[in-house]
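Before any comments, here is the structure.
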Amino acid sequence: GLHMAIVMAGSYFLVRLLLVFVPFLPLYRPIKKYAALAALSVGGFYLLMAGWPVPAIRSYVMAACYFGAILLEERPSPIR
């Protein structure tokens, strides 16, 4: 479960960092959403490769809620 969160957060920050360095892309495109979609797909692939263990599924659902909030342009707050 913890590995899932680390992989998804790492891929989110890596994709977002790489997209920032593309000229003029951060000015006109929602790179935060692109990075969230990439994190969801990397997490799904990791879940598939791990063999669908229950703790990883739970961690994926929790992270998907966070990245889903980013995609819907809501504040991803754990207090809500």
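The values are calculated or read from the model by the stated rules, or taken from the named source; none is laboratory data. In this text the structure is predicted, and so the values were computed from the model without any measurement. Every residue, glycine as well, gets a Cβ built from its backbone with ideal geometry; the counts of neighbours run over all protein chains shown. We work out accessible area using only protein heavy atoms, side chains counted, and drop any ligands, DNA or RNA first. Shrake-Rupley method; radii C 1.70, N 1.55, O 1.52, S 1.80 Å.
Does LEU37 satisfy being open to solvent by less than 80 Å² (accessible area, probe 1.4 Å) and under 17 Å from the mean Cα position of the chain (by Cα)? No. For segment 1-56, enumerate the residues that are touching a helix residue (DSSP H, G or I) at 6+ places or on another chain (Cβ under 7 Å) and not in a helix (DSSP H, G or I). Within segment 1-56, GLY1 is the sole residue that qualifies.
Within segment 7-34, the residues that satisfy the criterion of being open to solvent by less than 100 Å² (accessible area, probe 1.4 Å) and farther than 17 Å from GLY68 by Cα are LEU14, LEU17, LEU19, VAL20, VAL22, LEU25, PRO26. Within segment 64-72, is there a residue that is free of Cβ contacts under 8 Å to residues at least 24 places away in the same chain and not in a helix (DSSP H, G or I)? Within segment 64-72 (the criterion being free of Cβ contacts under 8 Å to residues at least 24 places away in the same chain and not in a helix (DSSP H, G or I)), the answer is yes, since at least one residue qualifies. Scanning segment 40-60 for residues that are within 14 Å of the chain's Cα centre (by Cα) and either loosely packed, with under 14 Cβ neighbours inside 10 Å or farther than 16 Å from GLY1 by Cβ (or both) yields LEU40, SER41, GLY44, PHE45. With respect to the numbered conditions (1) at pLDDT below 90; (2) of a type outside the set (A, V, I, L, M); (3) surrounded by 15 or more Cβ atoms within 10 Å (Cβ to Cβ), which one is the sole condition not fulfilled by GLU74? Every condition holds for GLU74 apart from (3). Residue-level check: of (1) open to solvent by less than 60 Å² (accessible area, probe 1.4 Å); (2) under 14 Å from the mean Cα position of the chain (by Cα), HIS3 misses just (1).
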